[in-house]
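**Q** Just dropping this structure here.
The values are calculated or read from the model by the stated rules, or taken from the named source; none is laboratory data. Note that this is a predicted model, so its numbers are computed, not measured. With ideal geometry, Cβ positions are generated from the backbone for all residues, glycine too; neighbour counts draw on all protein chains shown.
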Amino acid sequence: MATIHIDNRPYPAKDGENLLQECLSLGFNLPYFCWHPALGSVGACRQCAIKQFKNEEDKRGKIVMACMTAAKDGIRISIDDPEAKEFRTSVAEWLMVNHPHDCPVCDEGGECHLQDMTVMNGHVYRRYHGRKRTFHNQDLGPLVNHEMNRCIQCYRCTRFYRDYAGGRDLDALMLRNQVYFGRHQDGVLESEFSGNLVEVCPTGVFTDKTLKRHYTRKWDLQTAPSVCVHCGLGCNTIPGERYGVLRRIRNRFNGAVNGYFLCDRGRYGYEFVNSERRTRQPLLRKNRTEPLQLASKRDALQHLGEMLSGRARVIGIGSPRASLEANFALRTLVGRDRFYLGISERDSRLLASVLDILKKGPARTPSLHEVELADAVLVLGEDVANTAPRLGLALRQSVRRQPEKIAKKMDIPLWDDHAVRAAMQEEHGPLFIATMANTRLDDIATRTFRGPPAELARLGLAIAHALDPIAPQVPDLSDTTQALASAIAEKLMAAERPLVISGMGCGDNAVVEAAANVTWALCNMGRAAELCYVVPECNSLGAMLLGGGSLETALEAMNDAADILIILENDLYRRGDAAMVDRLLAAARHIVIIDHIEHATSAKADVVLPAATFAEADGTLVNNEGRAQRFFQVFVPKGEIEGDIKGDTPRDIPGDIQESWRWMRDIMVAGRGDERQWSSLDDVTAACAAAIPFLEPILRAAPPAAFRMDGQKIPRESHRYSGRTAMHANVNIHEPEQPHDPDTALAFSMEGYLGHPPPSLISRFWAPGWNSIQALNKFQDEVGGQLSGGDPGERLIQATPGKKAAYFENIPPGFEPRPGEWLLLPLHHIFGSEELSILAPGIAELSAQPYLALNPEDASNLGLTAGDEVQLRLRAQTDVTADGSAADGSANAATTPAEIFRLTLRFKPGLLHGTAGLPVGLTGMGNLAGVALPAWGELKKV
Amino acid sequence: MWNSLKTMWIVFLHMFRRRVTIQYPDEKPNIPPRWRGRIILSRDPDGEERCVACYLCAAACPVDCIALQATEDEHGRRYPEFFRINFSRCIFCGYCEEACPTDAIQLTPDFEMGEYNRKNLVYEKEDLLIDGTGKYPGYNFYRVAGATIGGKNKGEAENEAPPVDPHSLLP
Ligand code: SF4
Ligand code: SF4
Ligand code: SF4
Ligand code: SF4
Ligand code: FES
């Protein structure tokens, strides 16, 4: 701690930190543009000027940039000095010289950092009346809008895009006052983090293109704290709604999880909520041969009640994309031993294994922030850029940890971004990527390794053995693999915070176990190693913690037990082999599905109940770290939207959409006369925590519904929310009462507590004078650090350091290519592989079309080139992954007829000879969607 | 006593003053042009809708009686898809007019808006839009703004230099 004197008053400050950050942390309003807590200082904009004095006697002082000056003990500075003030105002005026007259039609308006800073500087009238410089804009794809005239040349965009996120196609072009920030030509931005430009750019150059189609100002959005549902990382978000339509997603800072950034799937996937494929009303048929008919909620429940009364046996299938509460409610409805998880046997074994390893092992599972602190990383089998995108961004930071030592040795403070990067040059810390094919992170990898899962597992096991000789030895290892394993082991041993990343992405338990062996070997060798598993869905771990069998076990139970099958938020055809799902559905007398979108499974149901999406419900999700996080309802869904989503206000009818757990409660009441005392979410959460003691921390994930600040609820609407007395006036001149929210401490209103709520209840970042996202500074004790009051979320899994866990001994045999056959490996796509985000038009536009991938050499051996049609004949389904020995599908070949698919060929460099790639989850994959990969198949040119 | 007499005297004198009360509605009052009455939406000198759907009037409105939704035409010109004022709530404060950056929304001297049914006081864009520029002739936001619209490309607004060519090698 140092003492700094600001305008002759002493304040405590962090020694060596830059003065801008310290002044902001102390609560001073010092304007700035180019500095960003995550990007550091470069001193490009000259906006943060202050006066620095030599000593107490010095009255003249000199102007310095706060962001480029270290806070040293005893330093004397002035923010209010008239000269410094004038300097800052002049800078603002210069920046505004060429600025267009655009605020009214600028999407940044109302949350524009440039507006805020201009006002803060008191630059109120434009004195310049000369000609303004102009630029043409570029079409940057469906996600980000470009309006280059508004640029103030702060360089934040390229510093984020290139330096922080590793993108290459956005750059600063031209020179002097004509610097242009864009691509070399029009085209989709390549980086999967391009959406962050919207928040990083302090002006309206980069704005959200999906928001533009249903534009609403920040102050008019109804918002609530939420959690991304599009992968297993659980990034924190702030969705915003108006007129019953979800309008956008913004980042919600969580120092331990996503920090300042989201990936584009998470930012733009939200439009599925407005999708045409939403289920908005109950559907019913009493006879399977008839089409589903619209029904009222009462009729549907009455029908269900009749079905359930009497001796009906019920089986429930939960979902890893539904909240803990929804799954638990279903489990309560059907009974614990008739509750199944709704994932395939293969996935459920993988998840069980992940959970078991995390629970019993000595290695801690790191938060995303801790991933950034790791100084040597091994990625085993997971294409993180596509299965857990934000994790890839964290890895791009972790490779800076070792090279940073160069800067430290040269006495360069780490916030001095330009100097640090100059000192580091192209140095990257150790990052080893062992995957099935090339990945987007390869450019920063120290070494890469390519192979099918068995080879990846063998590499991992070899590393473990090289670290700790007690770990099992891998027989028949090639010399190159052995050498690589030793090299990786050496680097991991030399690191202070080694990290191993793996996951379910390659569908092989041997890989999961190998990653555990490596980490445990490091722990045994006295290293504080961390182990991070990527899981596919937002509540994969949570669902697993509830327990329950797989789809295959459900099928067995169906064969002898059930009359009624209740499926929660799940399209089974994406989970398992189509034939198996067909059998499962055919075995049920009645099928009830509760989901928010229509899909292949709901088309076969007898009763469809409209569930609420993440934006219309509250609940708890457990991410891959084992962090339980609460998401909050953003708006009350309308039953029907009249006209198109763009304009017409919705009709004033309460919809039938409700939270899945409320449907379960209603079914219990209707069917069993079971008067469950579940009147709010808290009741369900409490029941869940009581039933499963391990889940007890979920009670603390957020304050309960009864929580009040100064006796008031926390408003979801800003204090400047407009149109309250006109938005419904076309329907009913009498203003409707604001909806009540029995489930949370938030209110669907602009009235309530106006100060800062506890961190897990922050609905928007706003402070007087700070309308832009930069208002976040006011919500942190130390700018850039955690939220005041601690980062939200409760970790469920605590590692026991020093604990000894027995190594996994199962060593798969090496991969042998088979003549005439190909091992089909799963290839994941950030855009397209995930079920919900693909319903957002922007994401759909970027999604790949179904294909089959070969490496270019193999393809040319077959006489194929990219774009050719190939015929794929699948060997019958077997569990390739349970252990190495079951890899041979011949045993089951007779039971299921082989299916034939036609696909377009694509090249995928990095695929090993004898392996081919199949994309996961893309629309239009037909029956391939449920096929468990890896699997063997035959290829033929068409 | 004295006071009462004085009061009566004053009242008596008023009998000879000029009358201010007029026989409305037979006789129409003379309303100054800056009177804050019925709100209209005006058009720019080119005859296009002036409102650019910036939401500022809605935000300024103390009784929140303005609701609108922005949309864009195929050339990027922004305008309100719907624009609604609930006059049964409006207090005719004129804040919306002050907030409006395009001179679109204006209060007029018309105050004769009585209705038997409150519902008829809800005006949609069609009811609000007039054919002229209203009180403020001349101003055309899109001719000053940097944003492009159909018929006006980058560099063609007032006081704009031709667009920079980012592929040029000249310094
Ligand atoms: S970038 Fe900010 S200041 Fe510039 S036009 Fe947009 S809102 Fe106005
Ligand atoms: S585009 Fe935005 S972030 Fe980039 S230099 Fe211009 S103002 Fe800064
Ligand atoms: S990384 Fe995952 S959780 Fe985070 S924003 Fe992207 S999809 Fe959402
Ligand atoms: S302030 Fe003017 S331009 Fe903006 S929405 Fe209102 S009427 Fe339209
Ligand atoms: S913030 Fe200090 S110079 Fe830009």
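**Q** Go through segment A:99-111 and report how many residues are assigned to a helix (DSSP H, G or I) and either farther than 22 Å from residue A:88 by Cβ or in contact (Cβ under 8 Å) with a residue 24 or more places away in the chain (or both).
**A** The number of residues fulfilling the criteria is 2.
**Q** Collect the residues in segment A:849-872 that are touching a Ser or Thr at 6+ places or on another chain (Cβ under 9 Å) and either under 14 Å from residue A:827 (Cβ atoms) or β-branched (Val, Ile, Thr) (or both), keeping them in residue-number order.
**A** Residues satisfying the conditions are A:849, A:850, A:851, A:852, A:854, A:855, A:870.
**Q** Let me ask something else. Assess whether residue A:735 counts as being of a type in the set (D, E, K, R) and touching a His at 6+ places or on another chain (Cβ under 9 Å).
**A** Criteria met by residue A:735.
Here's the yes/no breakdown for (1) touching a Phe, Trp or Tyr at 6+ places or on another chain (Cβ under 9 Å); (2) assigned to a loop (DSSP other than H, G, I, E, B):
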residue: A:824; (1), (2): yes, no
residue: A:829; (1), (2): no, yes
residue: A:833; (1), (2): no, yes
residue: A:843; (1), (2): yes, no
residue: A:848; (1), (2): yes, yes
residue: A:858; (1), (2): yes, no
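**Q** Go through A:145, A:196, A:137 for me and flag whichever is more than 16 Å from ligand 5 (Cβ to nearest atom), closer than 30 Å to residue B:80 by Cα and facing chain B (nearest Cβ under 9 Å).
**A** A:137
**Q** Taking the conditions exactly as written (farther than 20 Å from residue A:274 by Cα, polar (S, T, N, Q) and touching a Lys or Arg at 6+ places or on another chain (Cβ under 7 Å)), does residue A:620 satisfy them or not?
**A** Here the answer is yes, as residue A:620 does meet what is asked.
**Q** Can I ask one more? Would segment A:112-131 turn up any residue that is in a loop (DSSP other than H, G, I, E, B), within 14 Å of another protein chain (Cβ to nearest Cβ), at pLDDT 95 or above and within 15 Å of ligand 1 (Cβ to nearest atom)?
**A** Within segment A:112-131, one or more residues are in a loop (DSSP other than H, G, I, E, B), within 14 Å of another protein chain (Cβ to nearest Cβ), at pLDDT 95 or above and within 15 Å of ligand 1 (Cβ to nearest atom).
**Q** Of all residues in segment A:910-939, how many are part of a strand (DSSP E or B) and under 21 Å from residue A:860 (Cβ atoms)?
**A** Number of matching residues: 7.
**Q** Checking residue A:181 against (1) within 14 Å of another protein chain (Cβ to nearest Cβ); (2) out of contact with any Gly (no Cβ under 8 Å at 6 or more places or on another chain); (3) surrounded by fewer than 19 Cβ atoms within 10 Å (Cβ to Cβ), which single condition isn't satisfied?
**A** For residue A:181, the failing item is (3).
**Q** With the requirement that a residue be more than 7 Å from every other protein chain (Cβ to nearest Cβ) and surrounded by fewer than 19 Cβ atoms within 10 Å (Cβ to Cβ), what does segment B:61-71 give you?
**A** Correct list: B:62 only.
**Q** Further question: Which residues, counting only those in segment A:71-93, are surrounded by fewer than 17 Cβ atoms within 10 Å (Cβ to Cβ), small (Gly, Ala, Ser) and under 26 Å from residue A:153 (Cβ atoms)?
**A** Within segment A:71-93, A:90 is the sole residue that qualifies.
**Q** Okay, next question. Scan segment A:148-172 residue by residue and report those that are surrounded by 17 or more Cβ atoms within 10 Å (Cβ to Cβ) and within 12 Å of chain B (Cβ to nearest Cβ).
**A** Within segment A:148-172, A:148, A:149, A:150, A:151 qualify.
**Q** If you don't mind, another one. Would you point out which residue out of A:98, A:121 is away from ligand 4 (no atom under 16 Å from the Cβ), under 18 Å from residue A:30 (Cβ atoms) and in contact with a Lys or Arg (Cβ under 7 Å, 6 or more places away or on another chain)?
**A** So the residue among A:98, A:121 that is away from ligand 4 (no atom under 16 Å from the Cβ), under 18 Å from residue A:30 (Cβ atoms) and in contact with a Lys or Arg (Cβ under 7 Å, 6 or more places away or on another chain) is A:121.
**Q** Restricting to segment A:130-180, name every residue that is among the hydroxyl-bearing types (Ser, Thr, Tyr) and within 16 Å of ligand 3 (Cβ to nearest atom).
**A** If the condition is that a residue be among the hydroxyl-bearing types (Ser, Thr, Tyr) and within 16 Å of ligand 3 (Cβ to nearest atom), then A:164 is the only one that fits.
**Q** Okay, moving on. Can you tell me which residue among A:175, A:170 is closer than 27 Å to residue A:394 by Cβ and without any contact (Cβ under 8 Å) to a residue 60 or more places away in the chain?
**A** A:170
**Q** Let me ask something else. Buried (at least 21 other Cβ atoms within 10 Å of the Cβ) and either away from chain A (no Cβ under 14 Å) or within 17 Å of residue B:102 (Cα to Cα) (or both), is that true of residue B:4?
**A** The answer is no for residue B:4.
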